[in-house]
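Undergrad: Pasting in a structure now, in structure tokens, and then I'll have a few things to ask.
The values are calculated or read from the model by the stated rules, or taken from the named source; none is laboratory data. Not measured: the values here are computed from a predicted model. Cβ placement follows ideal geometry from the backbone for every residue including glycine, while neighbour counts extend to all protein chains displayed.
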Amino acid sequence: MIKITIDGIEVQTDREITILEAAKQVGIEIPTLCTFKNLSPSGSCRMCLVEIERLSRPQTACTVKITDGMVVRTNSEAIMRARKAVLEFLLINHPLDCPVCDKAGECILQDLSAKYGAAAGRFKEGKRTNPVSFEDPVIVRDMQRCILCTRCVRTCDDLQGAFAISVINRGSHSLIEPFSGGRFDCEYCGNCLSACPVGAITSKLHRHTYRPWYIERQVETICGHCGVGCTLTLQMRENTIIRVIPDFEKGLNSGMLCVMGRFGYDYTEHEERLRSPLIRKDGELVPVSWEEAVEFTAWRLKELVKKYGGGAVAGIASGRCTNEDNYMLQKLIRYVLGSNNIDSAARLFYRPAVSYLERMFGQGITANLIPGIANSDGVFVAGGDPTTINPVLGIAVRSVWKKGGKVFVVGKSGGLRSNIKHELNHAEGAGALVLTWILAKVYEKKNFISENSIIDKKLSALKVPDMDMLVRVGVSPEALQYTADELVRLKNPVVIIGPETVLYGNGSKNLFLLGALNYVLNGRLFVLMDEPNTQGCLDMGCSPGVLVGGRPVELETFGHKMENTAGMKTPEGTGLNLFEMINGANSGSIKAMFVMGENPVFNIPDKKKVESALQKLEFLAVSDIFLTETASLADVVFPASAWSEKDGTYTNLERRLQRLRKGTMSSRGRADWKILADICKALGMKESYTDVKSVWDEISRISSVHSGVRYESLIGRGGIWPYGGEPLRGIEGDFEVEGLEDMPELPGFAQSGRVILKEDKSLIHSSSLSRYSPALMGVASEPLLMINPVTAQSLGLSDNERVVITSDKGTAVAILRADRGMPEGVAALSNTFKDNGFRSIVGYTIDPTLKSLNITDRVVTIERAKQL
Amino acid sequence: MNDMKIKDVVVMERKEDTGIGRFLKTVFFVEILQGMKLTLKTMFTKPVTRQYPKEKRPAMPGFRGLHALVRNPETQQAKCVGCGLCAAVCPSRCITIYTSEGEKHEKVVDRYEIEVLRCLYCALCVEACPFGAVVLTEHYEYAGYNKADFKMTKDKLLENWDKYMAGTKGEEYFKRFWGPRADDFKTPENQAVFKGRSQSKVDLHNAE
Amino acid sequence: MDERIILRNTDDPLNASIAGYMAHGGYKALEQAVGELTPRDIIDEIKSSGLRGRGGAGFPTGMKWQFASLDPKFPKYLVCNADEGEPGTFKDRPILEHNPHLLIEGMIISAYALQSTRGYIYLRGEYPHAKRVLERAIEEALASGYLGNDILSKHFRFNLTVHSGAGAYICGEETALLDSLEGRRGLPRLKPPFPVNSGLWGKPTIVNNVETFANIPYIVSQGAKAYASIGVKDCPGPKLFSVSGRVNKPGVYELPMGISLREIIYTHCGGIKGGGSLKGVIPGGISTPIIAPENIDCPMDFVHLPKYGSMLGSGAVMVFDDTVCIVRVYERAMKFFEHESCGKCTPCREGTAWMRAILGRIERGDASERDLETLQDVAENVTGKTFCPLGDGAAGVLLAAMKTYREEFEYHIKNKRCKVQ
């Protein structure tokens, strides 16, 4: 127990804390500038000087740890003078342009000057001038105002791990500059922006429009861009979002945001937002009233079900919509229309991957906590860059490295490049080879005695490639050896699985290898999720085989739980999955489809095929916030409300259930669940729902995993699924691994002039909504083709050139960007930009084991675009 | 609570005027005469009432009347930089300001609106303004039939300045009533501010 | 003192080579230490010798070593601070250029005592010649088996690297030096943890001055008693004084600790140049307060100088006679401090620039009485409030000068010109 006295008040703690923290405990305020949440103390601003008895000089409260019997004074005359002096020093070079500074009103320097500063300055020498940089699309840097507290630099280095900014020059000429000089060349996370205590680094989005007292309302909500589910606060004035700020106290992200979360909110006010319901009349989509659209839809659906039976109807749900929206869609499809044909884009990767792993280890195997990653001592990443797909999860991976843990990346290291020791960047298609080798080595070294005979048997059936083969696919023996050696030593490892493990073939084998590796290492699994509610979409039964709460359809045929609890009779038989629906539409067995918040024409490969299939439907209804490629084919289009305009719940990749709260209402759209409930009602549904809470109440009544979760109790960090990372069910059944005993084939390298195309998950545009966000488009406005510089050279192409990519399925235009991280002979294109998306120019097959997407026809030619 | 209230009530006893005195007072209309005394006295003096529409009373200098935005004589633009302090300090929240970023990255005041009907003429906005950009003119005759007329836009407010504070009147106003304020916020000569900003729109150097 | 210890044999041009050094009995102390003594013995010997660090603060070396040796973390690093950046100081240069093996021998003995296997000499960037000399000397020592993986066949490993600084004064501060050595911006670190517990790459690190290491072989070979008999009681040993300014014979002098300033100037350096009268002496480099002529009988050591309001610092004696303008001296000094301030903490970053600006105006005759007050106030606001001693020193020396030579500052303000001219 340590006892100290601060200003005559006795403080007792059992921990060795700093004077600053101790003073805070008893409500004594010590002013600080360079201290910031989550950052280690710097002691450089000298604002927090305090007097300690028996010490001749004043000491900084933020750095000095308390010792027993210490007597501290924070309000003596000398200290007041010291504070005044520090503020005077800071102000001699600080422009007094508060009236036009965006920070005024919440500026720490301003507040402290008002409280402790001198009334007038004595500095006559002329202020230092530093450049103001407007070069960045989203950040303005005004180094006149900088007080060099280095909070931004320390945030960038220690928390974000991007090392993008630094102090340059020395002494009174010091200023903060991006490493790249001039413009930032970074992830644009903007975390420096929330660290800046003055107006030196500010957002360009609300530049000169923001004043703290203009904020009329603020709402704590969940970010709608990726599967992490960061907590953030929307600040609004007259129904527009003025800015988004992180919440340092609540949420799993503890104050960190990424570029999408912080800047990508402006898509909600895009001018192309749908304003009213549309119905196709004489081939044209024309605006109609809500009643007409709802009644028309109900009438058409009723008619088609009567004519062709329930099996002719299908629904596509979305990971962008809330749990309530998805629940209502499956209710419409299953219980109102009588069809089990419901699926979502989760089918493309997330659903098959998670359900495969759950079949290996039991339900809930991927329900691990993201903040827990930081406590791990090693992270193994395969199949995708977490720093771009789930950026805040990526930050957790970097913090492992920061604490001395090891990071291993199979494939392109991307944003984790500076955190790994060796690249394991293999040739395209050789992932299974590398994984097999690593798994076999770790298995051998661990001397592992498995309790699971099924996995054990499969492990021993593996054929291990020899080193020569691995060298031929471009992996160094040194790197492999290092990886195997270090993996064995890990005590608390994490395995992160990205979409590339499944998307390009060998899906079941890759998943088996990673699952088994995690099993052998006794680690924790994470599956990257690029939409905010993909998991929730599955939990709501938006998958043909499972009902609400993950209950298999087969169980319902004899358990009748849905029928007993909610009076809902589940249709018999397994429904069609996403691909089968497309095929069904093509062949004519599916006649009507309801697509909610999804854009299958753009997001499922082979655009022409999907497009023609949807055109063959007798009735297609779409609810979305924009007139997407799919919506423009529809017979009825419902304008939905966007992420910031509705209430509801999201389930993130760790299966944390979080509340989304309604902020602005800039469109005239309605929440999807409301639209669907109206249609259900028109079709004769008995229940009526007043608000989103009543929908949730019904869910929690019938879903076994959500039972007892009250809507009101979902606040802050609360409300997680009942998984403590432990499987809910034991491991029983066998599972299939395709090509287990085959020696993985050496990938056939593309012939000269032809390149294998991959999907680029870029940080700025990993969400399909990002193309409607002016801020994000400002950062990356054109489609980029990432390619190895050697390959580019061999094709006679140079950096920043406009190129045409041609495959058997289509063409796209992009700007070529040399990227050393890409293996030779491989190029990557993102699936973001209209008419130039990756998935529009490739084909697909269905993985026989996983029933997931297997992208084919990826061999392309790349040519210089003709000059216009 | 209740106990306290009872304690607070003090019962006043009125002295009752009884007998002859009361009778005499009633007979001689003493109380009525007392009441009529003032009326009788003023009956023969010059009336103080002004016949308002015909006869207008000049406002005293510094009278807080209709609002105006100060026009910078050099640039002919509003002096207002859109700092929003007036909106922040306004007790009846009747000032609304919308600003945005201009072409040269300067702060542009898009909308400056005062809902005159909500204003309580405290002049805190004038006091808060670091640039002496908002005033209350001496003009007080602005009755109207339409509520919308009382929503002062930026253009109307600038017009008010030209109309009611023309000539040296405006200068006088600040000198006499708000002069010291403006001086306090005068930017020192060699202070580096507003690099790359248009001097025409926002001029801090001439902010007195 | 008849015999020179640190600058012994520096007149011999061959002394810089290992053959010449060994001909004068070099590396005997190392052989003795490694052959006969345990690391513990050496630390005890250094402790009882009373050796104080020669870098400026005068911290007892033996104590520092003991702290480091008690830290259980390994490896331990040994760093020689040869970043001789203090204006007026050039005492280490003769060692580095003419007696490099003495330094290397001292470092090897220290490494043995501390069980360190890796040493660095952080050399001032402006000493290219010393770098060549040191690197050759290290190669020679390596070839002769005094450095390397198996020193004197005793399974004792120690390797030494010379690292040239990039010219920052702040890197003479030990923690900034370590940052710079790690390849980062040289900024002082938070203390505690001190480098003896968490220094280079977070490992226990001993940072000692060149001169300190140069004292080690003598202590080991001649014993702590012999060493303690030189100089004064609490502060024994020989000390290098680099004397500059208005004296007849400026240069580096090896003299016992506690010698008086008067003796240095008049006995050893031949008195004031041109026979002028003494105006003031800076006893230990520009960041030590100036001493007025009436105090020049003060003994030059770490114990006595503080009583006269100054410090021994690096022992760089700067002598000013009446032709020197004190305002100009401190304007120039403040220009140096402003230029060399690292910019980490507010008072030093802004304060030095401000003080320089005011001093510049006083010097130019463009200041008022009030400016002098402001200057005094600013200097007081900087003292004792900075992160590291740089800003503290800058303001401290100005305050001392303004106290002693106030009338000169006032003359500048009143007459708009210098008193001297």
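Undergrad: Do you know which of the residues in the stretch C:361-388 that are over 27 Å from the mean Cα position of the chain (by Cα) and among the hydroxyl-bearing types (Ser, Thr, Tyr) is farthest from the other protein chains (Cβ to nearest Cβ)? If you could, list the steps in order and put the result at the bottom.
TA: Our first condition is that a residue be over 27 Å from the mean Cα position of the chain (by Cα); within the stretch C:361-388, this holds for C:361-378.
Add one more test, that the residue is among the hydroxyl-bearing types (Ser, Thr, Tyr), and what stays is C:368, C:374.
On the way: C:Ser368: 10, C:Thr374: 5 Å.
Checking each candidate, the answer is C:Ser368.
Undergrad: What residue, of C:Met318, C:Met334, C:Met311, is within 14 Å of chain A (Cβ to nearest Cβ) and not aromatic (Phe, Trp, Tyr)? Break it down stepwise before answering.
TA: Numbers: C:Met318 fails: within 14 Å of chain A (Cβ to nearest Cβ); C:Met311 fails: within 14 Å of chain A (Cβ to nearest Cβ).
Result of the check over C:Met318, C:Met334, C:Met311: C:Met334.
Undergrad: I need a count of the residues in the stretch C:350-360 that are among the charged types (D, E, K, R) and within 8 Å of chain A (Cβ to nearest Cβ).
TA: Total meeting the criteria: 1.
Undergrad: Now, a different point. So, in the stretch A:59-112, how many residues would count as being basic (Lys, Arg) and in contact with a Lys or Arg (Cβ under 9 Å, 6 or more places away or on another chain)?
TA: Looking only at the stretch A:59-112, we keep the residues that are basic (Lys, Arg), and these are A:65, A:73, A:81, A:83-84, A:103.
Filter again for in contact with a Lys or Arg (Cβ under 9 Å, 6 or more places away or on another chain), leaving A:83, A:103.
Of the residues in that region, 2 qualify.
Undergrad: Taking the stretch A:39-63 as the search range and keeping residues that are away from chain C (no Cβ under 12 Å) and either among the acidic types (Asp, Glu) or touching a Leu at 6+ places or on another chain (Cβ under 6 Å) (or both), which one is nearest to A:Thr5 (Cα to Cα)? Lay out the reasoning, then the answer.
TA: Of the stretch A:39-63, the ones away from chain C (no Cβ under 12 Å) are A:39, A:52-54, A:61.
From what is left, the residues that are either among the acidic types (Asp, Glu) or touching a Leu at 6+ places or on another chain (Cβ under 6 Å) (or both) are A:53, A:61.
Values: A:Glu53: 10, A:Ala61: 13 Å.
If we take residues in the stretch A:39-63 being away from chain C (no Cβ under 12 Å) and either among the acidic types (Asp, Glu) or touching a Leu at 6+ places or on another chain (Cβ under 6 Å) (or both), then A:Glu53 is nearest to A:Thr5 (Cα to Cα).
Undergrad: State whether one or more residues within the stretch A:356-370 are touching a strand residue (DSSP E or B) at 6+ places or on another chain (Cβ under 7 Å) and closer than 29 Å to A:Val473 by Cα.
TA: The initial filter retains those residues of the stretch A:356-370 that are touching a strand residue (DSSP E or B) at 6+ places or on another chain (Cβ under 7 Å), namely A:357, A:365-366, A:368.
Keeping just the survivors that are closer than 29 Å to A:Val473 by Cα gives A:357.
Yes, that holds for at least one residue.
Undergrad: When A:Pro552 is evaluated against the numbered criteria (1) in contact with a strand residue (DSSP E or B) (Cβ under 8 Å, 6 or more places away or on another chain); (2) buried (at least 16 other Cβ atoms within 10 Å of the Cβ); (3) closer than 17 Å to A:Lys851 by Cβ, which criterion, by number, is the only one it fails?
TA: (2) is the only condition that A:Pro552 fails.
Undergrad: For the condition touching a Leu at 6+ places or on another chain (Cβ under 8 Å), surrounded by 24 or more Cβ atoms within 10 Å (Cβ to Cβ), of a type in the set (Asp, Glu) and part of a helix (DSSP H, G or I), what is the one hit in C:Glu350, C:Glu410, C:Glu331? Show your work before the answer.
TA: Details: C:Glu410 fails: surrounded by 24 or more Cβ atoms within 10 Å (Cβ to Cβ); C:Glu331 fails: surrounded by 24 or more Cβ atoms within 10 Å (Cβ to Cβ).
Result: C:Glu350 is the single residue among C:Glu350, C:Glu410, C:Glu331 that is touching a Leu at 6+ places or on another chain (Cβ under 8 Å), surrounded by 24 or more Cβ atoms within 10 Å (Cβ to Cβ), of a type in the set (Asp, Glu) and part of a helix (DSSP H, G or I).
Undergrad: Here's a follow-up. Conditions first: (1) part of a helix (DSSP H, G or I); (2) in contact (Cβ under 8 Å) with a residue 60 or more places away in the chain. A:Trp437 passes all but one, so which condition is the exception?
TA: (2) is the only condition that A:Trp437 fails.
Undergrad: If you don't mind, there's one more thing I want to ask. Select, from A:Thr221, A:Thr240, the only residue that is polar (S, T, N, Q) and either farther than 26 Å from A:Gly648 by Cβ or more than 14 Å from chain B (Cβ to nearest Cβ) (or both).
TA: A:Thr221
Undergrad: Going through C:Val317, C:Val382, C:Val397 one at a time, which residue ends up being free of Cβ contacts under 8 Å to residues at least 40 places away in the same chain, surrounded by 24 or more Cβ atoms within 10 Å (Cβ to Cβ) and of a type outside the set (Phe, Trp, Tyr)?
TA: On the way: C:Val317 fails: free of Cβ contacts under 8 Å to residues at least 40 places away in the same chain; C:Val397 fails: free of Cβ contacts under 8 Å to residues at least 40 places away in the same chain.
Result of the check over C:Val317, C:Val382, C:Val397: C:Val382.
Undergrad: Wholly within the stretch B:45-144, which strands (runs of 3 or more DSSP E) include no fewer than the required count, namely at least 3 residues that are in contact (Cβ under 8 Å) with a residue 12 or more places away in the chain, more than 14 Å from chain A (Cβ to nearest Cβ) and not β-branched (Val, Ile, Thr)? Reasoning before the result, please.
TA: Working: elements: B:67-69, B:95-101, B:107-115, B:134-136.
Answer list for the stretch B:45-144: B:67-69.
Undergrad: As an exercise: evaluate C:Glu373 against (1) touching a residue at least 60 places away in the same chain (Cβ under 8 Å); (2) surrounded by fewer than 24 Cβ atoms within 10 Å (Cβ to Cβ) and give the number of the one condition it does not meet.
TA: (1)
Undergrad: If you don't mind, there's one more thing I want to ask. Within the stretch A:124-148, how many residues are at negative phi, surrounded by 21 or more Cβ atoms within 10 Å (Cβ to Cβ) and within 13 Å of chain C (Cβ to nearest Cβ)?
TA: 3
Undergrad: Continuing with this model, one more query. Out of curiosity, is C:Gly391 crowded, with 24+ Cβ neighbours inside 10 Å, in contact with a Gly (Cβ under 9 Å, 6 or more places away or on another chain), part of a helix (DSSP H, G or I) and more than 9 Å from chain A (Cβ to nearest Cβ)? Spell out the reasoning first.
TA: Details: crowded, with 24+ Cβ neighbours inside 10 Å: yes; in contact with a Gly (Cβ under 9 Å, 6 or more places away or on another chain): yes; part of a helix (DSSP H, G or I): yes; more than 9 Å from chain A (Cβ to nearest Cβ): yes.
It is true that C:Gly391 is crowded, with 24+ Cβ neighbours inside 10 Å, in contact with a Gly (Cβ under 9 Å, 6 or more places away or on another chain), part of a helix (DSSP H, G or I) and more than 9 Å from chain A (Cβ to nearest Cβ).
Matching residues to (1) modelled with pLDDT of 90 or more; (2) part of a helix (DSSP H, G or I); (3) not polar (S, T, N, Q):
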{"site": "A:Lys307", "(1), (2), (3)": "yes, yes, yes"}
{"site": "A:Ile316", "(1), (2), (3)": "yes, no, yes"}
{"site": "A:Gln330", "(1), (2), (3)": "yes, yes, no"}
{"site": "A:Ile333", "(1), (2), (3)": "yes, yes, yes"}
{"site": "A:Val354", "(1), (2), (3)": "yes, yes, yes"}
{"site": "A:Gly394", "(1), (2), (3)": "yes, yes, yes"}
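Undergrad: Which residues, taken from the stretch A:155-167, are away from chain C (no Cβ under 14 Å) and not in a loop (DSSP other than H, G, I, E, B)? Spell out the reasoning first.
TA: Our first condition is that a residue be away from chain C (no Cβ under 14 Å); within the stretch A:155-167, this holds for A:155-156, A:159-162, A:164.
Scanning the stretch A:155-167 gives A:Thr155, A:Cys156, A:Leu159, A:Gln160.
Undergrad: Could you say whether any residue in the stretch A:174-186 is away from every other protein chain (no Cβ under 13 Å), free of Cβ contacts under 8 Å to residues at least 40 places away in the same chain, on the phi > 0 side of the Ramachandran plot and not basic (Lys, Arg)? Can you show your working first?
TA: If we filter the stretch A:174-186 for residues that are away from every other protein chain (no Cβ under 13 Å), which is where we start, we get A:178, A:180-186.
Checking the rest, the ones that are also free of Cβ contacts under 8 Å to residues at least 40 places away in the same chain come to A:178, A:180-181, A:185-186.
Those left that are additionally on the phi > 0 side of the Ramachandran plot: A:181.
Then drop every residue that is not not basic (Lys, Arg), which leaves A:181.
For the stretch A:174-186, residues away from every other protein chain (no Cβ under 13 Å), free of Cβ contacts under 8 Å to residues at least 40 places away in the same chain, on the phi > 0 side of the Ramachandran plot and not basic (Lys, Arg): present.
Undergrad: On the given criteria, is A:Val379 touching a residue at least 40 places away in the same chain (Cβ under 8 Å) and assigned to a strand (DSSP E or B)? Walk me through it before giving the result.
TA: Details: touching a residue at least 40 places away in the same chain (Cβ under 8 Å): yes; assigned to a strand (DSSP E or B): yes.
For A:Val379, the condition - touching a residue at least 40 places away in the same chain (Cβ under 8 Å) and assigned to a strand (DSSP E or B) - is met.
Undergrad: Among the residues of the stretch B:145-177, which ones are over 24 Å from B:Arg57 (Cβ atoms) and assigned to a loop (DSSP other than H, G, I, E, B)?
TA: B:Asn146, B:Thr153, listed by residue number.
Undergrad: List every residue pair whose Cβ atoms sit under 9 Å apart, with the two residues 6 or more apart in sequence or on different chains, where the first one lies in the stretch A:73-89 and is more than 19 Å from A:Ile19 (Cβ to Cβ) and facing another protein chain (nearest Cβ under 8 Å) and the second, anywhere, is surrounded by fewer than 16 Cβ atoms within 10 Å (Cβ to Cβ) and not charged (D, E, K, R).
TA: Once the first residue is more than 19 Å from A:Ile19 (Cβ to Cβ) and facing another protein chain (nearest Cβ under 8 Å) and sits in the stretch A:73-89, its partners that are surrounded by fewer than 16 Cβ atoms within 10 Å (Cβ to Cβ) and not charged (D, E, K, R) give A:Ala85/A:Ala118; A:Glu88/A:Ala118; A:Glu88/A:Gly121.
Undergrad: On the basis of being in contact (Cβ under 8 Å) with a residue 60 or more places away in the chain, in contact with an Asp or Glu (Cβ under 9 Å, 6 or more places away or on another chain) and more than 29 Å from A:Pro386 (Cα to Cα), does A:Val553 make the cut? Don't jump to the end; show me each part of the working.
TA: Values: in contact (Cβ under 8 Å) with a residue 60 or more places away in the chain: yes; in contact with an Asp or Glu (Cβ under 9 Å, 6 or more places away or on another chain): yes; more than 29 Å from A:Pro386 (Cα to Cα): yes.
Yes: the conditions hold for A:Val553.
Undergrad: OK, next. Pick out, from the stretch A:227-299, the strands (runs of 3 or more DSSP E) lying fully within it that include 2 or more residues that are over 19 Å from A:His765 (Cα atoms), at pLDDT 90 or above and touching a Phe, Trp or Tyr at 6+ places or on another chain (Cβ under 7 Å). Working first, answer last.
TA: Values: elements: A:231-237, A:240-246, A:278-281, A:284-287.
Where strands (runs of 3 or more DSSP E) fall fully within the stretch A:227-299 and carry at least 2 residues being over 19 Å from A:His765 (Cα atoms), at pLDDT 90 or above and touching a Phe, Trp or Tyr at 6+ places or on another chain (Cβ under 7 Å), they are A:240-246.
A quick yes/no check of all residues on (1) at positive phi; (2) part of a helix (DSSP H, G or I); (3) hydroxyl-bearing (Ser, Thr, Tyr):
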{"site": "C:Ala19", "(1), (2), (3)": "no, yes, no"}
{"site": "C:Gly26", "(1), (2), (3)": "no, no, no"}
{"site": "C:Ala29", "(1), (2), (3)": "no, yes, no"}
{"site": "C:Gly56", "(1), (2), (3)": "yes, no, no"}
{"site": "C:Ser69", "(1), (2), (3)": "no, yes, yes"}
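Undergrad: How many residues, within the stretch A:581-590, are without any contact (Cβ under 8 Å) to a residue 40 or more places away in the chain and either farther than 17 Å from A:Glu618 by Cα or over 34 Å from the mean Cα position of the chain (by Cα) (or both)? Spell out how you get there, then give the answer.
TA: Within the stretch A:581-590, the first condition is being without any contact (Cβ under 8 Å) to a residue 40 or more places away in the chain, and the residues that meet it are A:582-583, A:586-588.
Now restrict to residues that are either farther than 17 Å from A:Glu618 by Cα or over 34 Å from the mean Cα position of the chain (by Cα) (or both): A:587-588.
The number of residues fulfilling the criteria is 2.
Undergrad: Residue by residue through the stretch A:205-218, note down the ones that are within 11 Å of chain B (Cβ to nearest Cβ) and more than 15 Å from A:Val100 (Cβ to Cβ). Steps first, answer last, please.
TA: Here is the first cut: in the stretch A:205-218, the residues within 11 Å of chain B (Cβ to nearest Cβ) are A:205-214, A:216.
Within the stretch A:205-218, A:Leu205, A:Trp213, A:Glu216 meet the criteria.
Undergrad: If you check A:Arg170, A:Arg151, which single one turns out to be surrounded by 17 or more Cβ atoms within 10 Å (Cβ to Cβ) and either more than 11 Å from chain C (Cβ to nearest Cβ) or under 29 Å from B:Lys104 (Cβ atoms) (or both)? Give the derivation first.
TA: Details: A:Arg170 fails: either more than 11 Å from chain C (Cβ to nearest Cβ) or under 29 Å from B:Lys104 (Cβ atoms) (or both).
None of the others qualify; the one that does is A:Arg151.
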